[in-house]
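The values are calculated or read from the model by the stated rules, or taken from the named source; none is laboratory data. On a predicted model such as this, the values are computed, not experimentally measured, just so you know. With ideal geometry, Cβ positions are generated from the backbone for all residues, glycine too; neighbour counts draw on all protein chains shown.
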Amino acid sequence: MKKPPLALILTLFLAVLVLLGLASACVGGVPTGFSEVMESLFSGRETGNSLIIRAIRIPRVLGAALCGAMLGLCGVIFQAVFRNPMADPYLLGVSGGSSLAVALGSLAGITMGFLPSIPLLAFLGGLLATSIVLAISRNNRRTLILSGIALSGLFSALTTLVIYLRRTELANIIFWNMGSFASMTMTKVSIMAAVFCLSFIFVCFRSRSLDLMLLDSQSAASLGLDIRRSRLVFLVVGTVCTASAVCFCGIIGFSGLLAPHIARLAVGPEHRRLVPSSALTGAIIMLAADTIARTIMAPTELPVGVITAILGTPLFVMLALKKENGLW
């Protein structure tokens, strides 16, 4: 069956994202109406809740959307590079490695005052995790996910140890371990937006390389693709995106798994269409998850990772069963 035009699908996804973002900006401890949110966004007049909307809710909405878009983009990258539909920054241990590095930095006292050190540590931790998974699995698709899950468990245990040793920084470390957008600021949003835009533009221009990576190595090489170099470059881009999301938003699992699979249902497997669709789908999923996390047990706020795990775990099990039955 012929897929709808890409422009139409992206327009629909973007419309859903904007409407969801406006609805999310209305939700909170202080009820606000749609008109009040619009007035706070587009007029310079100060209203009763304009400060709350501009300083707290808008950065949170933008941060959640950017985090979801980054993880959706990373999911596409990792699934193509490893030729594994279950590949995901969380399941491969990249998120856990980034979080552990930031937690260790907190233990050493080097990340609490200088913002650029946080993304750097997160990137190095994610890169180390990726290297370890590759070394263990040796590009074996069967052991790749198992290696990543085992490594994630190890990183989680080590992070728990850091929490025990650094109780004075307990709140900060728990934040990275559970995932939240409560402390999002426009400064963080700006950094995330810069990383995402650069990564997104690069991946869009190199989307054909991702298509070729799904072929066997000989076929890809015969079509002019340098497999090793391309894998390395895409892994660095995916790690940078994951690290940027983790260092500001914490570990939020399964979003990078959900978004590409949902996007494939709408646009198909071609990466020229899949990359932008997956980024928008990830943004929608994350924004919806954050809105649910803030409202389902109000005034208590659930970690966003709880919602994404509830959504993503059934998909992971379904994919595992399909692999076991030889359906892909």
Taking only the stretch 287-301 into account, find how many residues are surrounded by fewer than 20 Cβ atoms within 10 Å (Cβ to Cβ) and either part of a helix (DSSP H, G or I) or touching a Phe, Trp or Tyr at 6+ places or on another chain (Cβ under 9 Å) (or both). 2
Sort out which residues of the stretch 13-37 are surrounded by 14 or more Cβ atoms within 10 Å (Cβ to Cβ) and either under 17 Å from Gly282 (Cβ atoms) or touching an Asp or Glu at 6+ places or on another chain (Cβ under 6 Å) (or both), and write them in order of number. Phe13, Leu14, Val16, Leu17, Leu20, Gly21, Ser24
Ser222 buried (at least 24 other Cβ atoms within 10 Å of the Cβ) and hydroxyl-bearing (Ser, Thr, Tyr): no
If you go through the stretch 253-262 one residue at a time, do you hit one that is among the hydrophobic types (A, V, I, L, M, F, W, C), surrounded by fewer than 20 Cβ atoms within 10 Å (Cβ to Cβ), farther than 25 Å from Leu302 by Cα and out of contact with any Cys (no Cβ under 7 Å at 6 or more places or on another chain)? no
Can you find even one residue in the stretch 232-242 that is in a helix (DSSP H, G or I), over 21 Å from Ser98 (Cα atoms) and among the small types (Gly, Ala, Ser)? no
Is it the case, given these coordinates, that Ser278 is among the hydroxyl-bearing types (Ser, Thr, Tyr), part of a helix (DSSP H, G or I) and modelled with pLDDT of 85 or more? yes
Conditions (1) closer than 13 Å to Leu258 by Cα; (2) touching a Gly at 6+ places or on another chain (Cβ under 7 Å); (3) not in a helix (DSSP H, G or I): number failed by Leu92: (1)
Any residue at all in the stretch 316-328 that is touching a residue at least 12 places away in the same chain (Cβ under 8 Å), β-branched (Val, Ile, Thr) and surrounded by fewer than 17 Cβ atoms within 10 Å (Cβ to Cβ)? no
State yes or no: is Leu66 closer than 30 Å to Val16 by Cβ, modelled with pLDDT under 80, out of contact with any His (no Cβ under 9 Å at 6 or more places or on another chain) and crowded, with 17+ Cβ neighbours inside 10 Å? no
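Every residue, every condition in (1) of a type outside the set (Lys, Arg); (2) within 30 Å of Asp226 (Cα to Cα), yes or no:
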residue	(1), (2)
Ile52	yes, no
Arg57	no, no
Leu62	yes, no
Leu66	yes, no
Met70	yes, yes
